[in-house]
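Input: a single structure, listed below in structure tokens.
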Amino acid sequence: MKKSLVIHTNGELKRNDNTLLFIDYEGKKHPKPVEAISDIYIFSEMTVNTKFLNYMSQYGIPIHFFNYYQYYTGSFYPKETLLSGQLLVQQVDAYSNYSKRLPIAKEFIMAAADNIYRNLRYYNSRGKDVESPMKKIDLLRKNLSDVKKIEELMGIEGNIRKEYYSAWNEIVNQNIKFEKRIMHPPDNMINSLISFVNSLIYTKVLSEIYKTQLNPTISYLHEPGVRRFSLALDIAEIFKPLIGDRLIFALLNKKQITEDSFTKELNFLHLKKEASRLIMKQLDERLEKTITHKELGRKVSYQHLMRLECYKLVKHLMGEKEYEGFRIWW
């Protein structure tokens, strides 16, 4: 199985014959078999050249870049090879026609809301008193089916997340004092952690979109914009509760991530290198975890669930089967 290559050390990436070669800041060489790499995550100062980028494009390997504060800054998205003009036309039509766009956007949020509710139900059954936000979220998600505008849809989604995040102080076995979600910039360790993990889910979804015929810039919930792959934002909404939030809960409850994992002098904006390495390692292990798929009748990994979501969207756009967002059933 291909895996992500994660680099936290300054250095240089280059092609060396038919191998990817990482040369660290001390001059030590670390050859990596390119056939075993799914995508690359860079959390350091890195030198690359066009020869290397052409090589990555040849193998269809996306590269995701993060700055000093572990903020996602962008991706190298290889030239698309799985092109389909017919699908592109249908994808654009589904965006341009509001009566087609709204049901897709609605399904993203309805699936995400159901997955959020499932998370709370899990912890409520294990002695965490989150029944009040559960009831409020249940009422809110019942209103989603009647929404007529995407702006209204996102408003309800915002209220659902507000109730959801209010339960985190009860779920997490640390004194986190988490009051509300703030992103630009995050104002405490929990907001920083959520932003970091959400950006990882986004990039993982983007890597899976690349393996399909979907265009990542044409989206339905989030408005398509300049310099962003907004379809990855759409699909990530579904998987943040299952993969991202559950990872955060595990890291915090096992005390693997604490205030000491952040640079306090920077108002907890900066994750220390050891912490970001741990999170990436735990995320990759979680993505390799398998479940028995109800419809396919076989085991699939969490990561493959993301690609299956893309395939379901393709079938919807091509008129083969109506799209239904992934929902946790266990």
If Lys106 satisfies all but one of (1) surrounded by fewer than 13 Cβ atoms within 10 Å (Cβ to Cβ); (2) modelled with pLDDT of 95 or more, what's the number of the condition it fails?
(1)
Only one of (1) closer than 30 Å to Asn188 by Cα; (2) among the aliphatic types (A, V, I, L, M); (3) at pLDDT 95 or above; (4) in contact with a Phe, Trp or Tyr (Cβ under 7 Å, 6 or more places away or on another chain) fails for Leu313. Which number is that?
(1)
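Can you tell me how many residues within the stretch 18-28 are outside any loop (DSSP other than H, G, I, E, B) and either in contact with a Phe, Trp or Tyr (Cβ under 8 Å, 6 or more places away or on another chain) or open to solvent by 40 Å² or more (accessible area, probe 1.4 Å) (or both)?
The initial filter retains those residues of the stretch 18-28 that are outside any loop (DSSP other than H, G, I, E, B), namely 19-24.
If we keep only those that are either in contact with a Phe, Trp or Tyr (Cβ under 8 Å, 6 or more places away or on another chain) or open to solvent by 40 Å² or more (accessible area, probe 1.4 Å) (or both) too, we end up with 19-20.
Residues flagged as outside any loop (DSSP other than H, G, I, E, B) and either in contact with a Phe, Trp or Tyr (Cβ under 8 Å, 6 or more places away or on another chain) or open to solvent by 40 Å² or more (accessible area, probe 1.4 Å) (or both) within the stretch 18-28 amount to 2.
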Could you list, in sequence order, all residues of the stretch 29-72 that are in contact with a Pro (Cβ under 9 Å, 6 or more places away or on another chain), free of Cβ contacts under 8 Å to residues at least 40 places away in the same chain and open to solvent by less than 10 Å² (accessible area, probe 1.4 Å)?
Ile40, Met56, Ile61, Ile63
Out of (1) open to solvent by less than 40 Å² (accessible area, probe 1.4 Å); (2) among the hydrophobic types (A, V, I, L, M, F, W, C); (3) under 18 Å from Leu242 (Cβ atoms); (4) touching a Leu at 6+ places or on another chain (Cβ under 7 Å), what's the single condition that is false for Ile171?
(4)
How many residues are in contact with a strand residue (DSSP E or B) (Cβ under 6 Å, 6 or more places away or on another chain), open to solvent by less than 50 Å² (accessible area, probe 1.4 Å) and either acidic (Asp, Glu) or on the phi > 0 side of the Ramachandran plot (or both) if we restrict to the stretch 285-313?
0
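Within the stretch 80-94, is there a residue that is closer than 23 Å to Asn253 by Cβ and either within 22 Å of the chain's Cα centre (by Cα) or open to solvent by 20 Å² or more (accessible area, probe 1.4 Å) (or both)?
Step one: of the stretch 80-94, the residues closer than 23 Å to Asn253 by Cβ are none.
Scanning the stretch 80-94 turns up no residue that is closer than 23 Å to Asn253 by Cβ and either within 22 Å of the chain's Cα centre (by Cα) or open to solvent by 20 Å² or more (accessible area, probe 1.4 Å) (or both).
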Taking the residues in the stretch 120-134 that are basic (Lys, Arg) and touching a helix residue (DSSP H, G or I) at 6+ places or on another chain (Cβ under 9 Å) as candidates, determine which candidate is farthest from Ile160 (Cα to Cα).
Lys128
Out of the residues in the stretch 265-277 meeting the condition of being modelled with pLDDT of 80 or more and in a helix (DSSP H, G or I), tell me which one is surrounded by the fewest Cβ atoms within 10 Å (Cβ to Cβ).
Glu274
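Return the residue satisfying two criteria in turn: it lies in the stretch 112-147 and is outside any helix (DSSP H, G or I) and hydrophobic (A, V, I, L, M, F, W, C), and of such residues it is farthest from Ile171 (Cα to Cα).
Within the stretch 112-147, the subset outside any helix (DSSP H, G or I) is 125-130, 143, 147.
Those left that are additionally hydrophobic (A, V, I, L, M, F, W, C): 130, 147.
On the way: Val130: 8, Val147: 31 Å.
Looking at residues that are outside any helix (DSSP H, G or I) and hydrophobic (A, V, I, L, M, F, W, C), I get Val147.
Of everything in the stretch 278-304, what is assigned to a helix (DSSP H, G or I) and touching an Asp or Glu at 6+ places or on another chain (Cβ under 9 Å)? Give them in sequence order.
Of the residues in the stretch 278-304, the ones assigned to a helix (DSSP H, G or I) are 278-288, 302-304.
Selection gives Tyr302, Gln303, His304.
Looking at this structure, is Asn191 open to solvent by 20 Å² or more (accessible area, probe 1.4 Å) and under 24 Å from Ser166 (Cβ atoms)?
On the way: open to solvent by 20 Å² or more (accessible area, probe 1.4 Å): no; under 24 Å from Ser166 (Cβ atoms): yes.
Criteria not met by Asn191.
Which of the residues spanning the stretch 148-170 are charged (D, E, K, R), in a helix (DSSP H, G or I) and touching a residue at least 12 places away in the same chain (Cβ under 8 Å)?
Glu157, Arg161, Lys162, Glu163, Glu170
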Taking the residues in the stretch 314-330 that are among the hydrophobic types (A, V, I, L, M, F, W, C) and not in a helix (DSSP H, G or I) as candidates, determine which candidate is most open to solvent (accessible area, probe 1.4 Å).
Trp330
The one condition Gly74 fails out of (1) at pLDDT 95 or above; (2) closer than 30 Å to Lys272 by Cβ is (1)
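The values are calculated or read from the model by the stated rules, or taken from the named source; none is laboratory data. Bear in mind the structure is a predicted one, so any value in this text is a computation, not a measurement. Don't worry about glycine lacking a Cβ; one is built from the backbone with ideal geometry, like all the others, and counts go over all protein chains shown. The area values use the complete protein model at the heavy-atom level, side chains included, leaving out ligands, DNA and RNA. Shrake-Rupley method; radii C 1.70, N 1.55, O 1.52, S 1.80 Å.
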